[in-house]
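Quick note: the coordinates plus some simple rules give every number you see, no bench work behind them. All values reported here derive from a predicted model rather than from experimental measurement. We place every Cβ from the backbone using ideal geometry, glycine too, and count neighbours over all the protein chains shown.
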């Protein structure tokens, strides 16, 4: 008969605070990814609209790509500057 080895569980270590550079870097990475996705979707919608509706003109592609980039800019602005979002209150940290 073999006994199972006892596994000691230690309390979870305290997590170190995330440096502000890493927080900003993550937000900026999300902004760049959002820009690529939204501008790409706008580009695709513009190509489809250009081919199907506007007889292969160039302006629908540029317009819809700009709309996608504008939406990404707005989302990034809300992410990096929460004071812009209506109804958001920023409370000071309560450090002793």
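So which residues in segment 64-87 are assigned to a helix (DSSP H, G or I) and within 17 Å of residue 23 (Cβ to Cβ)?
Applying the first criterion (assigned to a helix (DSSP H, G or I)) to segment 64-87 yields 64-80, 82-84.
75, 76, 77, 78, 79, 80, 82, 83 - these are the residues of segment 64-87 that are assigned to a helix (DSSP H, G or I) and within 17 Å of residue 23 (Cβ to Cβ).
Scan (1) surrounded by 15 or more Cβ atoms within 10 Å (Cβ to Cβ); (2) not in a helix (DSSP H, G or I) for the single condition residue 90 breaks and write down its number.
(1)
Taking into account only those residues within segment 68-83 that are touching a residue at least 24 places away in the same chain (Cβ under 8 Å) and within 13 Å of residue 34 (Cα to Cα), which is surrounded by the most Cβ atoms within 10 Å (Cβ to Cβ)?
Among them, the one singled out is 68.
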